[in-house]
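Quick notes on the structure that follows.
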Amino acid sequence: MFKAVAIADIHGSLTYLKKLISYIRENAINYIFVAGDIATDRDKVTFNRIIKALSNIEVKILYVRGETDPEKPQNTIRNNIFNLEHTPFNVDENIIYGLPPSLDYELKIPMERKVKVHVERLGEEVGSNKIEKCIILSHIPPYGTKVDKDPLRGNIGSVELRSFIERKRPLAVICGHVHTGLGIDNVKTTLIINPGPFRRGYYAELIVSVERRIVVKLDRFTPPF
């Protein structure tokens, strides 16, 4: 069993960092999952400032980038922070696999051909016998769920990611991108979690059991002012 906090859409804000640190310590959290948009406007300075701040938290932090993060962030190695976009991470018997953002920066919509390449690679690397133990960390949500619905544009998630989930049925997908889509949904047997924008204090706590059951609590830190 392990406990994790999932956050997304930090967008350069450290407003809730102290509250996150206190929560991690008080609740014996093992991991933090960060589902992209760490910075704003692809700014490397902001990205590295947030990464440095997160590195002071005494747990392992697994992240992927979003469309507002640098395409080629500075390759700073920190002992407790891992970019999952090219290297999966094993937690007990679960595989945490990260997808690159693959979003159009201006339109904020998935580039489906790139998504297809990444999910096919995921399927090959994980293998059909282990996919049910796989948790996918993706800034892009799957299409047609509660968590990808924008109030103005409708569902803006990835069709290719949803197709992959329907065929392969991983354990869970943790995503972000759609700030108004915070919530929990299912695609077949796969749990879909959008913790909401952390720049406004939203987060999710996950308890993953050895029987591959996930208990999720969505919550929000109160403003520190």
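Rule-based calculations on the coordinates, nothing more; no lab input. Note that the structure is predicted; figures quoted are calculated from it, not measured. Note that each Cβ is placed from the backbone with ideal geometry, even for glycine, and that neighbours are counted across all protein chains shown.
Return the pair list, or none, for Cβ contacts closer than 6 Å from residues in segment 12-32 that are closer than 18 Å to residue 200 by Cβ to residues that are surrounded by 13 or more Cβ atoms within 10 Å (Cβ to Cβ) and of a type in the set (D, E, K, R), at least 6 apart or on different chains. Matching pairs, first to second residue: 13/199. Restricting segment 181-225 to residues that are loosely packed, with under 12 Cβ neighbours inside 10 Å and aliphatic (A, V, I, L, M) leaves a set whose member that is farthest from residue 10 (Cα to Cα) is 210. May I ask you to verify whether residue 101 is surrounded by 15 or more Cβ atoms within 10 Å (Cβ to Cβ), within 21 Å of residue 198 (Cβ to Cβ), in contact (Cβ under 8 Å) with a residue 60 or more places away in the chain and not aromatic (Phe, Trp, Tyr)? Answer is yes for this residue. Considering segment 107-190, the qualifying strands (runs of 3 or more DSSP E), each wholly inside and each with 1 or more residues that are within 26 Å of residue 82 (Cα to Cα) and of a type in the set (S, T, N, Q), run over 134-138.
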